[in-house]
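The values are calculated or read from the model by the stated rules, or taken from the named source; none is laboratory data. Note that the coordinates shown come from a computational prediction; the quantities given were computed from them, not determined experimentally. Every residue, glycine as well, gets a Cβ built from its backbone with ideal geometry; the counts of neighbours run over all protein chains shown. Please note that ligands, DNA and RNA were not included when accessible areas were found on the heavy atoms of the full protein model with its side chains. Shrake-Rupley method; radii C 1.70, N 1.55, O 1.52, S 1.80 Å.
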Amino acid sequence: MCSLKVKRQALLTIILTYILIVFGGYVASSESGMGCGPEWPLCNGQVIPVLEGDTLIEFTHRVIGAVLGIMTAVLYFRIQKSNQVRELDKASKVLILLLLVQILLGAAVVWMDLPAIIVSVHLMVAMAFLAALIWIWRRADEQSSWIKTRGDQSVQNKFKAVLLLLLVTLFLGAYIKHESFGLACSWLVCTNGFMPVSFPEMIQTGHRLLAGVLAFCIFYLTYLSFKNSWEAGLQNRLMAASLLVLGQIIIGILTIISYIEVSWGVLHLAFGTALFAIVSEAGVFVSYSSRSRRVGEKSSNPYYG
């Protein structure tokens, strides 16, 4: 029963984390990040400010963050109370550490007037926090039956590489957004053709090249999953990731064509975060098998090949 409560709490916290990340994108796209002035934790010198305009948007973001903090604390104490396995206990402590770092970064972002580097790091910590939650959610009620398999190592490494590439791509996207480099190039070429000249054009082109490599990797993994007859669950996850990649490419183009209209910018982040969540969860799925099988047994390994 305790494990089920932990799993439900983790899922609710994942959903709220996703909402907070996407709403943070709306705060940035609507240029409402300083809606509370250079103050934290107060907002325009008040605990509850006059809720209108940019102040309403920024304060709402802070309230969602506060609720997430409470939910994370509840999740942590439920894990401690349920006497979970050591790995889950360690993951819960990492989660709390990430939360504290995120709070400090959030304060620094406001105090320092939205520096692009710190805002981008803020997003990366949020992604790491989301990944930790997903790991806890997947492991919460199955710690006794999951067996780590050596035979899946090559596939695990592929997912780790894709996840790292995705993080770098998201970091550059956030940096471009907060440095206002989004229109440094058109949707296809830069000022002097395909070769970037200025620093903003180089960053924008780098982001696109990484996105292209990422798309290829995910499409290739999807191909391998069917070619080598991996488990249906993993095939479905990779198909979902591939569809998100296609959607992300289209949304990225529309974001540039619309001159970074707020709704397209927010949707771009929403798809990117969903892609990160699916790849993270698929990585956990690969790392642990819900079937009891001998470690390293090729004949029963659905990922081998």
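Structure notes:
- When the charge dipole of the stretch 152-265 is built from unit charges on Cβ atoms (+1 for Lys and Arg, -1 for Asp and Glu) and taken about the Cα centre, the candidate among 162, 196, 236 whose Cα reaches farthest toward its positive end is 236.
- Computed with a 1.4 Å probe over protein heavy atoms only, the accessible area of residue 187 comes to about 130 Å².
- Peptide packing for 254-263, 177-186, 99-108 was compared via the average number of neighbouring C-beta atoms within 10 Å per residue; ordered from the highest value, the list is 177-186, 99-108, 254-263.
- Pairwise FRET efficiency - residue 85 versus residue 219, Cβ, R0 = 30 Å, nearest 0.05: 0.25
- Entry for percent of Cα pairs over 36 Å apart (calculated from the structure that is shown) out of [x] 45; [y] 23; [z] 30: [y]
- Accessible surface of residue 250 - all protein chains present, 1.4 Å probe, nearest 10 Å²: 100
- Accessible area per residue, Å², the stretch 56-108 with all protein chains present, probe 1.4 Å: 54
- Relative contact order (%) - criterion: Cα under 8 Å, at least six apart; region: the chain: 24
- Computed from label points 7 Å out along Cα-Cβ, the spacing between residue 44 and residue 195 is 5.2 nm.
- With q set to 0.13, 0.17 Å⁻¹, the log10 of I(q)/I(0) for the stretch 68-134, from the Debye formula over equal scatterers at the Cα positions, is -0.40, -0.62.
- Charged side chains reduced to their Cβ positions (Lys and Arg at +1, Asp and Glu at -1) give the chain a dipole of some 1720 debye around its Cα centre.
- A simple spin-label model places the labels of residue 186 and residue 100 5.2 nm from each other, with each point 7 Å out along Cα-to-Cβ.
- With the highest mean first, a sort of the peptides 200-209, 274-283 on other beta-carbon atoms found within 10 angstrom per residue produces 274-283, 200-209.
- Segment residue 31-residue 108, length gained on full extension (0.36 nm per residue, minus Cα span): 26.0 nm
- Here the chain has 69 percent of its accessible surface on carbon and sulfur atoms, given a 1.4 Å probe and all protein chains in place.
- Largest to smallest accessible area among 76, 223 [probe 1.4 Å]: 223, 76
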